[in-house]
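The values are calculated or read from the model by the stated rules, or taken from the named source; none is laboratory data. Everything numeric here is computed off the predicted structure, so don't read it as measured data. Note that we place each Cβ from the backbone using ideal geometry, even for glycine, and neighbour counts take in every protein chain shown.
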Amino acid sequence: MASPIFLVGPTPADHESTAQLEKHLREAGLYESAEETAAREDVLRDLQGIVDRWVKRLTTQREYPDGMAEHATALLLPFGSYRLGVHGRGADIDALVVGPAYVDRHHDFFDVLGGVLAETEAVTELQLVPGAYVPVIKMRFRGVQVDLLYASVCLPAVPMDLDLRGRSVLCGLDMATVRSLNGVRVADEILRLVPDAGAFRTTLRCVKHWAKARGIYSNAMGFVGGVGWAILVARVCQLYPNAAPSMLVPRFFRVFSQWKWPNPVMLREIEHDDDGGEMPLGLPVWDPRRNPRDGSHLMPVITPAYPCMNSCYNVSRATLRTMTAEFEAAHKVCQEMAVAGGWDALFRPFNFFKAYKSYLQVDVKVAGGEEDLREWKGWVESRLRQLVVRVEMATAGMLLCHPHPHAYAAKPH
């Protein structure tokens, strides 16, 4: 792990530039209003009530003692951009339900809680995806998109102050549950490891806004997703611990325009079972020296919580090439802005449909209703990354595709 490389703090001009950057981000709608914040908190509070009643009902049905049923509860923990404090208007809520050992994911979460949600008036567009890499219930709750995960921990009751940081909470869990828990654990560890949470948040908002404008924000399509961008920004914050956001943004693009992939980006040393630290659990940890498959990863961006994983394992040669070109272009724009001032040039959208001569269009159609279309669309989108990889393989790397990260509604005939 490299030590900080620049310890100088911001000048008055840097503070002024940061204020201009924050003004630009607010005008772009990247901060939600007080009303939107209150509505989001209401959604989480109502969901907490639903999962509490769900666990109490299951406890009673299984004839546990009355006192146990009375105190039975589940934790509802947001993660992702909401937990990091960088969510904006209309952002999804990623949330984890932590339940006791006797409440399972397959039946109790997907069948029983899924049934409860299906009968809840506030819930629309309900979609159960038990076979996903991270099993999830997707829905809109009063219009807010919510992705709900579940983790059953090896405890008869879930304390309100459950400590998720240590390894012990992972004991006896399958990998799907570990991945679900790590959404919260990784977010907390990122915030613990950055030197200035405020500077980190503003810089991350900026970088995510840039990545979306340039069409390179999508883990599913082989680009970098939310966790990956957070780790990349956090690493730059570690390298420049006293810098203001207006200093961190140009340095972010300089660092990653010059990064020698596949050298990994890490916020801390990787924990192994044989380190002599906490209890060994035998969980797979990213390590190309021990796991040859990890050595094939092109853009390792390693999560900081045990078991450490590559958050960017989906990246292909084609998408890495696209992102590298964007890092280099943004670095050049930042150099020009240092003379001209202003932030608008950095966020200029990439004109995807004028950038190339040839395009491949994939139409998604279904004979059923909206629910069937959502399910089929999700399945097709999950395979598009493999299409890009197979085109690359079939042409021996001579043809590299740039996947567009968004779908478009078909125009009515």
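Here are the numbers for this structure:
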{"quantity": "Answer from LEU283, LEU267, LEU320 - the residue that is of a type outside the set (Phe, Trp, Tyr) and under 24 Å from SER382 (Cβ atoms)", "calculated": "LEU320"}
{"quantity": "Hits in segment 348-364 - residues which are within 24 Å of ARG390 (Cβ to Cβ), in contact with a helix residue (DSSP H, G or I) (Cβ under 9 Å, 6 or more places away or on another chain) and touching a residue at least 12 places away in the same chain (Cβ under 8 Å)", "calculated": "LEU360, VAL362, VAL364"}
{"quantity": "Enumeration of residues in segment 292-306 that are touching a Pro at 6+ places or on another chain (Cβ under 7 Å) and not aliphatic (A, V, I, L, M)", "calculated": "ASP294, GLY295, HIS297, PRO300"}
{"quantity": "Which numbered condition HIS24 misses (of (1) under 21 Å from ASP94 (Cβ atoms); (2) surrounded by 16 or more Cβ atoms within 10 Å (Cβ to Cβ))", "calculated": "(1)"}
{"quantity": "In segment 69-95, the residues that are of a type in the set (D, E, K, R) and surrounded by fewer than 16 Cβ atoms within 10 Å (Cβ to Cβ)", "calculated": "GLU70, ARG89"}
{"quantity": "Residue in segment 280-298 that is farthest from LEU164 (Cα to Cα), counting only those that are in contact with a helix residue (DSSP H, G or I) (Cβ under 7 Å, 6 or more places away or on another chain) and free of Cβ contacts under 8 Å to residues at least 40 places away in the same chain", "calculated": "LEU298"}
{"quantity": "Count - residues of segment 27-48 that are among the aliphatic types (A, V, I, L, M), more than 28 Å from CYS237 (Cβ to Cβ) and surrounded by 13 or more Cβ atoms within 10 Å (Cβ to Cβ)", "calculated": "3"}
{"quantity": "Some residue of segment 169-181 being part of a helix (DSSP H, G or I), closer than 18 Å to THR303 by Cα and more than 21 Å from the chain's Cα centre (by Cα)", "calculated": "yes"}
{"quantity": "Which numbered condition GLY222 misses (of (1) within 13 Å of the chain's Cα centre (by Cα); (2) buried (at least 23 other Cβ atoms within 10 Å of the Cβ); (3) in a loop (DSSP other than H, G, I, E, B))", "calculated": "(1)"}
{"quantity": "Residue in segment 225-237 that is touching a Ser or Thr at 6+ places or on another chain (Cβ under 8 Å) and in a loop (DSSP other than H, G, I, E, B) present", "calculated": "yes"}
{"quantity": "TYR150, sole failed condition from (1) aromatic (Phe, Trp, Tyr); (2) in the same structural domain as THR322 (by TED's automatic domain parsing); (3) in contact with a strand residue (DSSP E or B) (Cβ under 6 Å, 6 or more places away or on another chain)", "calculated": "(2)"}
{"quantity": "Residue in segment 86-96 that is modelled with pLDDT of 95 or more and more than 21 Å from the chain's Cα centre (by Cα) present", "calculated": "no"}
{"quantity": "Members of segment 365-383 found to be assigned to a helix (DSSP H, G or I), basic (Lys, Arg) and either free of Cβ contacts under 8 Å to residues at least 12 places away in the same chain or over 19 Å from LYS138 (Cα atoms) (or both), listed by number", "calculated": "ARG383"}
{"quantity": "Subset of segment 154-186 (residues that are closer than 25 Å to ILE231 by Cβ and touching a Ser or Thr at 6+ places or on another chain (Cβ under 9 Å))", "calculated": "LEU170, LEU173, THR177, ASN182, ARG185, VAL186"}
{"quantity": "Single residue of segment 49-68 satisfying the filter (within 17 Å of ALA101 (Cβ to Cβ) and of a type in the set (A, V, I, L, M, F, W, C)) that is surrounded by the fewest Cβ atoms within 10 Å (Cβ to Cβ)", "calculated": "MET68"}
{"quantity": "Helices (runs of 4 or more DSSP H) wholly inside segment 1-105 that include at least 1 residues being in contact (Cβ under 8 Å) with a residue 60 or more places away in the chain, of a type in the set (Val, Ile, Thr) and closer than 30 Å to PRO156 by Cβ", "calculated": "34-61"}
{"quantity": "Where VAL207 falls short, out of the listed (1) out of contact with any Ser or Thr (no Cβ under 9 Å at 6 or more places or on another chain); (2) closer than 19 Å to LEU298 by Cα; (3) in a helix (DSSP H, G or I)", "calculated": "(2)"}
{"quantity": "Subset tally (residues that are assigned to a helix (DSSP H, G or I), touching a residue at least 40 places away in the same chain (Cβ under 8 Å) and out of contact with any Asp or Glu (no Cβ under 7 Å at 6 or more places or on another chain)) for segment 252-277", "calculated": "4"}
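Results for (1) small (Gly, Ala, Ser); (2) crowded, with 17+ Cβ neighbours inside 10 Å; (3) closer than 29 Å to LEU191 by Cα; (4) in the same structural domain as PHE223 (by TED's automatic domain parsing), shown as yes or no for each residue.
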{"position": "HIS272", "(1), (2), (3), (4)": "no, no, yes, yes"}
{"position": "LEU320", "(1), (2), (3), (4)": "no, yes, yes, yes"}
{"position": "PHE327", "(1), (2), (3), (4)": "no, yes, yes, yes"}
{"position": "ASN351", "(1), (2), (3), (4)": "no, no, no, no"}
{"position": "VAL366", "(1), (2), (3), (4)": "no, no, no, no"}
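Yes/no matrix, rows are residues, columns are (1) surrounded by fewer than 21 Cβ atoms within 10 Å (Cβ to Cβ); (2) not in a loop (DSSP other than H, G, I, E, B):
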residue: LEU281; (1), (2): yes, no
residue: ARG290; (1), (2): yes, no
residue: ALA305; (1), (2): no, no
residue: THR324; (1), (2): yes, yes
